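Computed from the coordinates by the stated procedures, all read-outs in this text should not be read as laboratory data. Just so we're clear, the structure is a prediction, and the values are computed from it rather than from any experiment. Cβ placement follows ideal geometry from the backbone for every residue including glycine, while neighbour counts extend to all protein chains displayed.
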Amino acid sequence: MKTLSLDDVVESLNLSHVEMPYDPAKRREYYLKTRQLKGRKTGQASELSGGTKRSAPIVPSKNRKPISNKQSDFQAKMDALNARLDKLKKVLAELTKQAQARSGVESADPGKTSSTDKPAKKLTAKQKADAAKRAKENAKKNKNKTPSQQLKEIEAKIKAIQAEIKKKKAEIAAAAKKKKPSTHKSGSVGASTLTIHK
């Protein structure tokens, strides 16, 4: 067997690059000559990175409304629905009064007038504090609800009140059939009807 010298080992391993010092300028020049950039293909981001897929940045389209318009539209819908809900509550209260008058039942608190009959008064400090407390509780309750969920809740309340109104109208009609209405000199019936416009 032949013994190998150190020079023989270096030649056999072809470590000629070890002898040359690193030159960053030459390395960059070589890179610029030989580079072949391929780019990233769509749909492979999660496979390459191993993480979640990144979405493209959101570019506003021409038909998309600005956020401020959406918020004002939502607020307008909420205001309209709340106004409708208040109107339906008033109609329900009126129908309840009519039903009680026809049946001869006195209201639970005869001396009390409805809040809509009274002129608006300034709130006391306690009333303001109570209102603030209710508003805070309502904000906490609706904290995680989306605007569409809030709209659906109001619409559900409106439907429930409409169902109650139908029920009260049916009760009034049934009471009118049982009890003969009194006639005046002109022969007309003294009952008034109430219509609801949607």
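Quick one: Karplus J couplings for the range 98-104, per residue in order, coefficients 6.51, -1.76, 1.60, θ = phi - 60°, nearest Hz, x for Gly and Pro?
Each residue of the range 98-104 in turn: 4, 4, 5, 5, 5, 7, x Hz.
Take residue 176 and residue 70, extend 7 Å from each Cα along the Cα→Cβ direction, and tell me the distance between the two endpoints in nm.
Simple spin-label model gives 4.8 nm for this pair.
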